[in-house]
1. For the pair residue 59/residue 304, report the inter-label distance in nm, with labels modelled 7 Å from Cα in the Cβ direction.
2. Given labels modelled 7 Å from the Cα in the Cβ direction, how far is it in nm from residue 51 to residue 120?
3. Give me the number: length gained by fully extending residue 331 to residue 263, i.e. 0.36 nm times residue separation minus the C-alpha to C-alpha distance, one decimal in nm.
4. On a C-alpha basis, how far is the centre of the stretch 310-333 from the centre of the stretch 96-162 in Å? Whole number, if you could?
5. Classify the stretch 68-117 as rounded, prolate or oblate, taking a ≥ b ≥ c as the square roots of the eigenvalues of its Cα gyration tensor: rounded when a/c is under 1.5, otherwise prolate if a/b is larger than b/c and oblate if not.
6. Taking the 0 to 90 degree range and rounding to the nearest ten, how far is the long axis of helix 300-329 tilted relative to the main principal axis of the chain, both from C-alpha atoms?
7. When only Cα pairs under 8 Å and 6 or more residues apart are kept, what is the percent relative contact order across the stretch 205-294?
8. Using the Cα atoms of the chain to build a convex hull, what is its mean projected area in square nanometres?
Ligand code: TYM
C-alpha cells in the first residue's frame, strides 16, 4: 500500500441487486475516489446473512455484485474490490470490538430498532451486532474516509466512538474515519412512496429501480412514480418529495446541478413529459453500465481472478491491523516450536 495516499473504505451488501439509490448515494462516489485514494470496497456477505438468505442466490449475488461494481467503473487494479468473508480478519476484529461496544449503543441504532420491532425475542443476535462488524470493516484498513448514503450515518458515528474508546484504552491504534455523504442524492426515495427510502430489500419491485432494470421497466416504473396533484415542477423536498426525488435522480444521471435540472424539466409543461425525460436520462446513464456488466458476467475466469487477488491484497492490510490489536489487548503470540 502506498503510504502517502489516504485510505477510503466502503461496503455494500449482496442482498438483492443494487438500486439507483445505491448507485447515486454510494457507488458513483466509490468510482470518483479511486483515482486519488487507496480504496477498499467490500461486498459484505457476512452482513447480508443477518437476514435469512437463500444460499445459492447469495453466492450468485455476491459474484454478480463484484461484476456490477466493475461495470459501474471500479477498476480492480486500482481499487481493492473483494468479498468480506474471504478476509477472516473482519470476523476476528468484530469479536474483539464486541468487547468495547456497549449494549446501549447497539440497541439505540435506528436500523436495529426498525428491524426488530414486534419480534424482540426472536430477533437474531447478528442484527444487533451488525454495526460492530461494520466498525471492524472500516477500522481494519486504517480508513480516512467512508463514502456512504445518509442511512449509514449512525453506523459511522459508532465507528468513530469505538475507535476513540479503543485508542484511549490502549494507545493510538485506529485511524478515526471521516464520513463522506453526497450533497445531492444522499437519500433517494422510493418511487411509489417518496416518504420511504428506496431499498433493494423491499418486497415491492415498483418501489425501486435497479441498475440492471430493462429500459421498458424503468420507463414503466417512472411513469407510475407517485408525485402530487399540482402539476408544477420545482424542487422542495418537504412539500414535493416525489417530484424532488425525480429531479434529484435526473440531476445525478445527467451530471447537471439541481437548478439546471429544474430549468430543463419545468420547461416541459406537465408531469407526463417530465417523467419521460427523467426515465430517458436514467436509461441513457445506465446503458453503458448494463452493457459492460453483460460482457463481464460471462467471463468467469476474470471475476475469479479479481476475487482471489483482491482478497489477498485486503487480507495483507487487514492482518497488519489485526496483529497490532491482538498485542494491545494482551493475546499471547503463537510461539514457534524449536526445530
Ligand atoms: P447497503 O448495502 O444497504 O447500501 C450500500 C450503500 O448504498 C447507500 N444507499 C443509498 N444511498 C442513497 N439513497 C438510497 N436509497 C440508498 N440505499 C442505499 C448506503 O448508504 C450505502 O452507502 N451497512 C451497509 C454496508 C456496510 C458498510 C460497511 C458501509 C458494511 N460495512 C462499512 C460502509 C462502511 C449497508 O447495509 O449498505
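1. Placing both labels 7 Å along Cα→Cβ, they lie 1.4 nm apart.
2. Between residue 51 and residue 120, the simple spin-label model gives 2.3 nm.
3. Values: separation 68, 0.36 × 68 = 24.48 nm, distance 6.21 nm.
Stretched fully, the residue 331-residue 263 segment lengthens by 18.3 nm.
4. 21 Å
5. oblate
6. Compared with the principal axis, the helix lies near 50 degrees.
7. 34 percent
8. Here the figure is 20.2 nm², rounded to one decimal.
The numbers here are math on the coordinates, done by the rules we state, and not lab data. Since this is a predicted model, take the numbers as computed values, not measurements. Cβ: placed from backbone, ideal geometry, glycine included. Neighbour counts: every protein chain shown.
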